[in-house]
Amino acid sequence: MKKLLMRADDLGYSEGINYGIAKSVREGIIENVGVMTNMSTVVRGLNLLGDTEVCLGLHTNICVGSPLTEPSRIPSITNNNGAFKSSSEYRSAQEDCVVLEQAIIETEAQLKRFIELVGKQPCYMDVHAIASDNFLMAAEIVAKKHGITYSPFSIGEGKIKIKDTDVYVSMDSMKPDYVPFASLKTSVRDVPEDGCILFVCHPGYLDGYILNHSSLTIPRPLEVDMLCDPQTLRWVKEAGIELITYDDL
């Protein structure tokens with residue numbers, strides 16, 4: 001039986017994202033949700049999921065909103081206004097501008113905040129948007145230190161190792177021809193019969209904050225529709241797919 005790890009990233013990013021993720025958990029097939037603990041709407045997002053049994057992870061973030069650390073302690077990832085550098089600033093840098101020690105400090109702060117909000121450690125840790133080797137290393141170091149499952153970063157498709165499991169990753173939402181349901185079916189089709197698929201999506205509704213701060217827009221509500229569509233739920237059941245969480249690995 002193929003196993004499907006359905007993950008929604010970005011809880012707390014904005015009110016619209018919170019509502020889209022909550023719908024995708026309550027009415028759809030999302031079993032795992034990444035939480036951005038530095039964002040101002042994160043408490044509202046967690047409240048929307050309060051009585052569910054969804055698997056919550058720390059979606060470590062250094063490119064949107066403000067840090068939980070005093071900015072003067074982490075100058076490599078903050079700007080003159082004390083907010084995080086934007087993703088475009090990281091991408092335009094000639095080399096990795098993230099200082100490992102500073103990324104560890106902020107990652108620890110976001111983990112501490114997660115525990116304060118949720119009352120326990122996250123089920124897993126991963127990173128948001130930035131393909132910085134030092135940022136990735138910081139998340140892995142902090143996860144290992146605290147005995148938390150680390151979910152490696154993968155752009156697009158590829159195979160990663162989570163715990164002792166080979167996991168095939170699909171994250172197509174940034175592709176110009178992205179059709180969520182078609183992408184999901186293809187990702188499941190292309191793995192071995194006993195394989196495990198991690199389908200990363202970013203469900204949410206568009207509000208002013210997202211339109212002004214994210215390059216990923218239209219696919220978000222389309223993913224909400226796909227995740228909650230009765231056709232999708234029927235397909236999962238008829239295909240004999242097992243929906244799992246990070247705790248099941």
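The values are calculated or read from the model by the stated rules, or taken from the named source; none is laboratory data. Since the structure is predicted, the reported quantities are computational estimates derived from the model, not experimental observations. Because the Cβ atoms are built from the backbone with ideal geometry, glycine has one as well, and the counts that use them run over all protein chains shown. Quick note on the areas: whole protein, heavy atoms, side chains included, nothing else; ligands and nucleic acids left out. Shrake-Rupley method; radii C 1.70, N 1.55, O 1.52, S 1.80 Å.
In the chain, the calculated helix contribution to ellipticity at 222 nm averages -11000 deg cm²/dmol per residue, counting -39,500 (n - 2.57) for every DSSP H run with n ≥ 4. Per residue, region 116-249 exposes 50 Å² of solvent-accessible protein surface, assessed with a 1.4 angstrom probe and all protein chains in place. Straight-line reach from residue 237: taking Cα to Cα under 23 Å and skipping same-chain neighbours fewer than 8 places apart, the lysines in range are 2, 3, 23, 185. With a Förster radius of 30 Å applied to the C-beta separation of residue 145 and residue 27, the computed FRET efficiency comes to 0.25. Taking every Cα-Cα distance in region 1-79 and sorting them into 5 Å bins starting at zero, the pair-distance distribution P(r) comes out as 3, 16, 25, 20, 13, 10, 7, 4, 1, 0, 0 percent.
Remark: spin-label model distance residue 88-residue 166 equals 4.1 nm, labels positioned 7 Å along the Cα→Cβ axis. Take every DSSP beta bridge whose two residues both sit in region 147-249; close to 55 percent of them are antiparallel.
Loop-located GluC sites (Glu not before Pro) across region 1-90 with a Cβ neighbour count of 13 or fewer within 10 Å are 53, with loop assigned by DSSP. Spatially, region 59-85 and region 12-40 are offset by 22 Å when compared through their Cα centroids.
Leaving ligands, DNA and RNA out of it, report the carbon-plus-sulfur percent of the accessible area of the chain at a 1.4 Å probe. All intermediate terms of the calculation are to be shown ahead of the outcome.
Details: 5600 of 11350 Å².
That share works out to 49 percent.
Short to long, the 5 Å bins of the Cα pair-distance histogram for the chain hold 1, 6, 14, 19, 20, 18, 12, 6, 2, 1, 0 percent of all pairs. Any chance you could tell me what percent of the C-alpha pair distances in region 124-186 go past 17 Å? Taking all Cα-Cα pairs of region 124-186, the fraction more than 17 Å apart is 49 percent. Considering the zone a paramagnetic label at residue 52 would reach in this model (a point 7 Å from Cα along the Cα-to-Cβ line), which residues of region 226-240 have amide N under 14 Å from it? Label zone hits: 226-229.
Taking N as the number of residues in region 18-160, what is its alpha-carbon radius of gyration divided by 2.2 N^0.38 Å?
Numbers: Rg = 15.0 Å, N = 143, 2.2 N^0.38 = 14.5 Å.
The reported ratio for this selection is 1.04.
Only Lys, Arg, Asp and Glu count, each charged at its Cβ (+1, +1, -1, -1), so figure out the dipole size of the chain about its Cα centre, rounded to 20 debye.
Numbers: 23 positive and 34 negative charges, 38 e Å.
It works out to roughly 180 debye.
Farthest toward the dipole's positive end in region 35-178, which of 117, 74, 136, given Cβ charges of +1 (Lys, Arg) and -1 (Asp, Glu) about the Cα centre? So the residue we want is 117.
Amide H contacts under 5 Å for residue 4: 197, 242, 243, 244, restricted to partners 5 or more places along the chain or on a different chain, H placed in the peptide plane at 1.01 Å from N.
Taking the alpha-carbon centroid of each part, what is the distance from region 102-163 to region 221-249 in angstrom? So the two Cα centres are separated by 25 Å.
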